[in-house]
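In what follows, a structure is listed as structure tokens, so that the remarks can point back to it.
The values are calculated or read from the model by the stated rules, or taken from the named source; none is laboratory data. Keep in mind that this is a model prediction, so the values were computed, not measured. Every residue, glycine among them, receives a Cβ derived from its backbone with ideal geometry; neighbour counts consider all protein chains shown.
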Amino acid sequence: MKISVDQSKCCGSGMCVLTDPDLFDQSEEDGTVVLLVEHPDAEHEATAKEAASLCPASAITVS
Amino acid sequence: MTELISAELPTERPNPFDPPTEVTEIREQARISRLKFADGHLGWLVTGHHQVREILGSPKFSNNPEKHHLLDRRFQGDVPEDKRKAEPGMFLSQDPPDHTRLRKMLQGQFTVRRMNQLSEWIATIVDDQLAHMRSLGNRADLVKEFALPVPSLVICALLGVDYDERHRFQEDTAKMLSLDSTFKEAMDAMARIQDFMRELVARKKANPGGDDMISDLLATGEPTDEEASNMALLLLLAGHETTANMLGIGTFTLLQHPDQLKILKDEPEVIDNAVEELMRYLSIIHFGPVRTAVEDVEIDGHLIKAGDTVLIHVPAANRDPEKFTGNPDELDLRRPASGHVAFGHGIHQCLGQQLARIEMRIGFAKLFQEFPDLRLDVEPEEVPLRTDMGIYGVHSLPVAW
């Protein structure tokens with residue numbers, strides 16, 4: 001599994017960090033998404049998918 | 001396709017915690033239906049969860065008020081064109097790229113990490129307010145003594161607004177949100193709050209270096225003074241009315257659902273989910289949001305044409321059985337409630353949602369820890385409901401302990 005994020009779409013809602021702070025963080029400067037783990041292990045696959053589906057700006061894709 | 005047409009938006013709520021029965025019936029027949037707006041425009045009513053997300057997440061819909069047909073009868077007739085326009089800095093009513101530029105200036109202030117760092121400070125504010133409530137004897141209006149002061153104190157301190165000056169915005173906020181206000185009354189109230197915020201911005205510019213969000217915003221040099229004062233106004237209004245109403249009607253709900261309240265008391269770890277479930281179940285934004293299509297778009301087999309205005313029904317969407325399994329009309333603090341649209345969806349999703357979550361988690365938890373025998377001090381049908389306001393809730397909540 002691979003996570004990709006698009007900072008230009010991100011609106012800084014923080015939903016991804018709320019869902020899994022091991023995978024995502026937010027920039028101190030403008031609150032946009034910072035991807036911490038590109039290839040999550042099996043334990044984090046479900047939360048990676050949930051973060052992608054909850055993102056209000058569709059800035060996260062999981063493939 | 002035969003379409004369901006409503007002549008007006010049903011607003012009557014036979015049960016204070018449920019969406020209007022007629023809206024639920026509409027959703028079960030058609031998750032997208034037609035709705036007549038006050039100016040005669042035949043627009044759309046969207047009640048399905050999936051459809052709400054699709055529209056709020058789509059760049060094909062605008063949030064520019066100049067494009068919207070109006071539903072609210074107050075704002076019909078001779079509304080001057082310039083009053084329809086979003087004012088500089090009012091990013092909630094703007095589309096990209098203006099919205100993106102302005103919201104980005106604030107996003108860094110509302111991150112999950114920053115809000116978590118405020119937990120201890122918010123807990124102190126909640127403790128102080130509960131001590132104040134106890135000092136009043138054994139009964140009080142929970143809205144006046146707890147639900148409204150806590151988020152007001154928090155947002156005032158964050159923005160650097162003197163809480164002692166709350167008379168300059170609290171009453172006028174209520175006038176702006178009252179569906180009984182005339183257009184002129186609402187606009188006059190807004191103009192008074194704008195004057196207050198302009199003065200505040202001028203004071204902070206004259207005394208730079210303050211430890212608050214408005215000073216930080218001004219220090220970036222990015223917004224104009226007018227933008228900064230309107231952005232601050234938006235944060236002030238959004239920051240105290242919404243959370244206050246969730247704390248008020250949320251407490252009423254828990255008192256009326258003793259089995260659920262017992263879960264909250266017995267299993268304190270349920271609080272994070274309990275807040276999401278209360279948000280889903282209550283959905284206090286009961287009037288809008290509204291969007292207008294900027295190009296033709298097909299949603300669920302319905303052709304929404306460019307220029308058509310769409311009313312999003314948050315309470316109906318948050319009870320959609322296609323999204324929320326089990327019985328979505330039941331309050332269940334253990335239900336997986338994530339994915340609700342109580343904070344909206346799309347690029348306008350609530351900027352302060354992580355702050356609101358922390359205020360509610362700490363607020364509800366401490367309220368029932370400190371007042372385990374809290375009870376309603378009137379008959380439930382005597383609690384005055386905010387059916388006359390743009391944001392739902394209770395006007396007051398008499399409680400005893």
Inset, instruction - Restricting attention to segment B:50-66, report how many residues are within 22 Å of residue B:320 (Cβ to Cβ) and touching a helix residue (DSSP H, G or I) at 6+ places or on another chain (Cβ under 9 Å). - result: 5
Inset, instruction - Determine whether segment B:361-383 contains at least one residue that is surrounded by fewer than 21 Cβ atoms within 10 Å (Cβ to Cβ), outside any loop (DSSP other than H, G, I, E, B) and within 14 Å of another protein chain (Cβ to nearest Cβ). - result: yes
Inset, instruction - Would you check which residues across segment B:274-306 are surrounded by fewer than 16 Cβ atoms within 10 Å (Cβ to Cβ) and farther than 21 Å from residue B:31 by Cβ and list them? - result: B:295, B:306
Legend entry - Count of residues meeting criterion [more than 10 Å from chain B (Cβ to nearest Cβ), surrounded by 13 or more Cβ atoms within 10 Å (Cβ to Cβ) and outside any strand (DSSP E or B)] in segment A:22-44: 6
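Taking only segment B:324-360 into account, find how many residues are within 14 Å of another protein chain (Cβ to nearest Cβ) and either outside any loop (DSSP other than H, G, I, E, B) or touching an Asp or Glu at 6+ places or on another chain (Cβ under 8 Å) (or both). Working first, answer last.
Start the filter on segment B:324-360 by keeping residues that are within 14 Å of another protein chain (Cβ to nearest Cβ), which leaves B:336-358, B:360.
This time we only want the ones that are either outside any loop (DSSP other than H, G, I, E, B) or touching an Asp or Glu at 6+ places or on another chain (Cβ under 8 Å) (or both), so: B:337-338, B:340, B:353-358, B:360.
Total meeting the criteria: 10.
To keep it simple, each residue is scored yes or no on (1) among the small types (Gly, Ala, Ser); (2) over 11 Å from the mean Cα position of the chain (by Cα).
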{"residue": "A:3", "(1), (2)": "no, no"}
{"residue": "A:8", "(1), (2)": "yes, yes"}
{"residue": "A:16", "(1), (2)": "no, no"}
{"residue": "A:19", "(1), (2)": "no, no"}
{"residue": "A:30", "(1), (2)": "no, yes"}
{"residue": "A:34", "(1), (2)": "no, no"}
{"residue": "A:37", "(1), (2)": "no, no"}
{"residue": "A:43", "(1), (2)": "no, yes"}
{"residue": "A:62", "(1), (2)": "no, no"}
Inset, instruction - Among the numbered conditions (1) surrounded by 19 or more Cβ atoms within 10 Å (Cβ to Cβ); (2) farther than 25 Å from residue B:8 by Cβ; (3) at pLDDT 95 or above, tell me where residue B:60 comes up short. - result: (1)
Legend entry - Condition met for residue B:322 (without any contact (Cβ under 8 Å) to a residue 24 or more places away in the chain and surrounded by fewer than 21 Cβ atoms within 10 Å (Cβ to Cβ)): no
Inset, instruction - Just need a number here: residues in segment B:98-145 that are of a type in the set (A, V, I, L, M), over 20 Å from the mean Cα position of the chain (by Cα) and at the interface with chain A (Cβ under 9 Å from one of its Cβ atoms). - result: 1
Inset, instruction - Determine which single condition residue A:49 fails, assuming it passes every other condition in (1) more than 9 Å from every other protein chain (Cβ to nearest Cβ); (2) assigned to a loop (DSSP other than H, G, I, E, B); (3) not small (Gly, Ala, Ser). - result: (2)
